[in-house]
Amino acid sequence: MVKIGIIGCGGIANNKHMPALKKLDDVEMVAFCDIIEERAQKAAKEFGTPDAKVFTDYKELLKLDLDVVHVLTPNKQHSFITVDALESGKHVMCEKPMAINSAEAKKMLDAAKRTGKKLTIGYQNRFRPECLYLKKCCEAGDLGEIYYARAQAIRRRAVPTWGVFLDAENQGGGPLIDIGTHALDLTLWEMDNYEPAMVVGSTFRKLADTENAANAFGPWDPKKFTVEDSAFGFIKMKNGATIVLEASWALNTLLVDEAKTILCGTKAGADMLGDKATPLRINGERFSKMYTTQPVLGPGAVDFYEGDGDGTPAEIEARMWIDHVKDDSKPLITKPEQAYVVTQILEAIYESQKTGKPVFFD
């Protein structure tokens, strides 16, 4: 039985990680930590073992005999808690983004290598059926050389008004680091390209100061809105491929798509802009005629890992993570080196906005 400790018992823990872990019959959540004790107590009661322990100091939790820790805190805390957990002998699943900047992310990478413990980052969108199917197409060479892509994370008016999402100090940024990170991870993963050469970007605060603004989650407080409301990046890879990244919580647009990618290759193209039943669209040319096809995909459409593929993306992510913890031969869901490149690119977009210049990679 894999013993798990949960650090951070807020929204992402309650809506993603803990429900997914509870469905696994070879794990048990035995410890919960949150700076608000009542949240940790509630989580322990709902998801924990009968004797689950509750803490407000994560260092006390790390003293326990645990196999795995899930770090589900605000972004600023990801790095130092992960490093401490690895140093204490635990494997770590850290929620995205990896860290607020590449220097902090590098500390996590170094700690994993130094301790020999396993580290992964929560990018569950990889395990949507259309994403898995497209990955197989890319691996089979169906698209040919992928030289252009768009990573989309666009909301019209869906600014998260709870927690510390609007706090630059705790989060390190707004929609770019929050949802843009998912779209970028998905795009790089599908392309299997993690070698950026140059990034130029812009971030905006054009709607954040609006009083009583229409918003899916209720009006935000402009005084607390200290991050960008939209961000855009142009990424050139070392092999010449180009990626355009778009992220917004609030933007005057009807072209709303979140955690989506568009890929253009020499043999075919693909996007995730179809209807709900058939979101993946593949286009190309054959016998001097253009074609578009939309595969019909179910939860078990792709046998991506050793199992039937059924379950929500979060459940598949949890299953793969625990399998990897138990058996080194099982694939790791997100390699920390991949998440590190995502962090580097996001940081470069913020840096480009500050300097007004492109950021070049070695």
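The values are calculated or read from the model by the stated rules, or taken from the named source; none is laboratory data. Computed from a prediction, not measured in an experiment: that's the story for all the values here. Cβ placement follows ideal geometry from the backbone for every residue including glycine, while neighbour counts extend to all protein chains displayed. In case anyone asks, the SASA skips ligands and DNA or RNA and just uses the protein heavy atoms, side chains included. Shrake-Rupley method; radii C 1.70, N 1.55, O 1.52, S 1.80 Å.
For the reader, a short list of remarks on this structure follows.
- Taken as a whole, the stretch 154-171 holds at least one residue that is over 14 Å from the mean Cα position of the chain (by Cα) and assigned to a strand (DSSP E or B).
- Of all residue pairs spaced 6 or more apart or on separate chains, those with beta-carbon atoms under 9 Å, a first member in the stretch 185-212 that is surrounded by 21 or more Cβ atoms within 10 Å (Cβ to Cβ) and a second member that is at pLDDT below 95 and among the β-branched types (Val, Ile, Thr) are 185/334; 189/334.
- Checked against (1) more than 25 Å from residue 184 (Cα to Cα); (2) among the polar types (S, T, N, Q); (3) touching a residue at least 40 places away in the same chain (Cβ under 8 Å), residue 56 meets all criteria but (3).
Conditions tested, residue by residue: (1) at pLDDT below 95; (2) acidic (Asp, Glu); (3) on the phi > 0 side of the Ramachandran plot; (4) open to solvent by 40 Å² or more (accessible area, probe 1.4 Å).
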site: 237; (1), (2), (3), (4): no, no, no, no
site: 266; (1), (2), (3), (4): no, no, no, yes
site: 310; (1), (2), (3), (4): yes, yes, no, yes
site: 322; (1), (2), (3), (4): no, no, no, no
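- In the set (1) charged (D, E, K, R); (2) assigned to a helix (DSSP H, G or I); (3) open to solvent by 30 Å² or more (accessible area, probe 1.4 Å), residue 150 fails one condition alone, (2).
- Any hit, the stretch 38-45, residues being aliphatic (A, V, I, L, M), farther than 22 Å from residue 96 by Cα, buried (at least 16 other Cβ atoms within 10 Å of the Cβ) and in contact with a strand residue (DSSP E or B) (Cβ under 8 Å, 6 or more places away or on another chain): yes
- Residue that is farthest from the chain's Cα centre (by Cα) [pool: residues in the stretch 329-341 that are open to solvent by 80 Å² or more (accessible area, probe 1.4 Å) and at pLDDT 90 or above]: 337
- When the stretch 332-362 is filtered for residues that are assigned to a helix (DSSP H, G or I), over 14 Å from residue 178 (Cα atoms) and of a type in the set (D, E, K, R), the ones remaining, listed by number, are 337, 351, 354.
- Residue list for the stretch 259-273, restricted to those being in contact (Cβ under 8 Å) with a residue 40 or more places away in the chain and part of a loop (DSSP other than H, G, I, E, B): 266, 267, 272
- Cβ-Cβ contacts under 9 Å between residues 6 or more apart (or on different chains), taken from a first residue in the stretch 344-362 that is in contact (Cβ under 8 Å) with a residue 12 or more places away in the chain and more than 18 Å from residue 230 (Cα to Cα) to a second residue that is acidic (Asp, Glu) and not in a helix (DSSP H, G or I), are listed as 361/195.
- Selection status of residue 193, under 30 Å from residue 139 (Cα atoms), in contact with a strand residue (DSSP E or B) (Cβ under 9 Å, 6 or more places away or on another chain) and part of a loop (DSSP other than H, G, I, E, B): yes
- If you check 97, 74, 129 for being open to solvent by less than 50 Å² (accessible area, probe 1.4 Å) and modelled with pLDDT under 95, only one passes: 129.
- Condition check for residue 208: among the small types (Gly, Ala, Ser) and either touching a Leu at 6+ places or on another chain (Cβ under 9 Å) or over 13 Å from residue 250 (Cβ atoms) (or both): yes
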